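Report on one structure; see the data block that follows.
The values are calculated or read from the model by the stated rules, or taken from the named source; none is laboratory data. All figures in this text were calculated on a predicted structure; none of them were measured in a lab. Counting neighbours? That spans all protein chains shown, and the Cβs are built from the backbone with ideal geometry, glycine included. The area values use the complete protein model at the heavy-atom level, side chains included, leaving out ligands, DNA and RNA. Shrake-Rupley method; radii C 1.70, N 1.55, O 1.52, S 1.80 Å.
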Amino acid sequence: MLVHGSNLTQKEKKQGKYQDDLSKQYLSEIRHEYDKWHTENMKLKRPIISDRDPDTDFIKQRVALFETYKNFIDQKHYAEHFDSRSNLHSSVLEEFVYYLFKDLIENFSPYALLGKSHTFKDIFFAASSYSNMLERPFARIETKDHDFVIGVTVKASLQNTQPGMSISEKDSNNPEIQSNVLQESSDLNDELMIGIRH
């Protein structure tokens with residue numbers, strides 16, 4: 001969730017590229033400002049779901065904190081030293097969006113999916129033969145990486161209809177089969193947690 005903070009930590013600990021004295025100095029300066037930015041964002045507990053208290057002032061505070069930190073890190077000497085491949089600058093926006101939505105989403109559920117995630121893309125069936133597919137669905141899920149999602153985790157399982165039962169009979173007995181996102185691996189009863197973006 002703290003994408004930018006993690007990126008910074010990796011650079012501080014990584015052997016090789018950023019271990020020279022100038023890099024260490026720059027990382028130390030950025031770390032100092034990052035810690036202030038992070039601490040101030042964690043102190044704010046808005047926006048939230050509320051009909052009475054508008055969150056405009058809290059959003060403005062978060063934006064002001066973001067602008068201050070982003071202006072600091074975008075100084076020419078940092079921008080030239082840590083190029084676009086390092087993702088140091090681009091990850092600031094990803095973390096800002098997390099701060100912006102974290103309290104609001106927590107009002108819905110502490111289990112909501114927030115931040116970088118793999119999400120559902122497609123489902124297909126890959127049995128080696130039709131007779132094998134009659135025994136097991138051999139379902140495969142394709143996922144896609146996203147820098148930021150707000151969603152839920154769906155837990156489901158997939159199984160074939162019972163022998164002698166039509167698809168419509170099976171579906172009427174278990175309507176969830178039609179609406180859940182499902183995946184099977186080597187075991188018929190395996191279950192997979194997968195994020196679905198809304």
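Tabulated results
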quantity: Cβ-defined net charge surrounding Ser129, 14 Å radius [Lys, Arg +1; Asp, Glu -1]; calculated: 0
quantity: Point-to-point label distance, Ala127-Ser90, nm (Cα→Cβ direction, 7 Å offset); calculated: 4.2 nm
quantity: FRET E, pair Gln25, Tyr111, Förster distance 35 Å, beta-carbon r, rounded to 0.05; calculated: 0.25
quantity: Trypsin sites (Lys or Arg not before Pro) within segment 26-69: DSSP coil, no more than 12 neighbouring Cβ in 10 Å; calculated: Lys45, Arg52
quantity: Spin-label model distance (nm) - Gln159 vs Glu12, 7 Å beyond Cα toward Cβ; calculated: 5.0 nm
quantity: Listed pairs Lys11/Lys76; Lys11/Lys36; Lys11/Lys45; Lys11/Lys155 exceeding 24 Å between Cα atoms; calculated: Lys11/Lys45; Lys11/Lys155
quantity: For Glu94, net neighbour charge (Lys/Arg +1, Asp/Glu -1) across residues whose Cβ lies under 11 Å away; calculated: -1
quantity: Using θ = phi - 60° and Karplus 6.51 cos²θ - 1.76 cosθ + 1.60, couplings along segment 122-128 (whole Hz; Gly, Pro as x); calculated: 7, 10, 8, 10, 10, 6, 6
quantity: Integer Hz, Karplus 6.51/-1.76/1.60 couplings in order for segment 18-28, x for Gly and Pro; calculated: 10, 9, 6, 4, 5, 4, 4, 5, 4, 5, 5
quantity: Solvent exposure, largest accessible area first (probe 1.4 Å, DNA, RNA and ligands not counted), of Tyr130, Tyr98; calculated: Tyr130, Tyr98
quantity: Lys13, Lys102, ranked by accessible area, largest first (probe 1.4 Å); calculated: Lys13, Lys102
quantity: Glu106 accessible area, 1.4 Å probe, all protein chains in place, Å² to nearest 10; calculated: 120 Å²
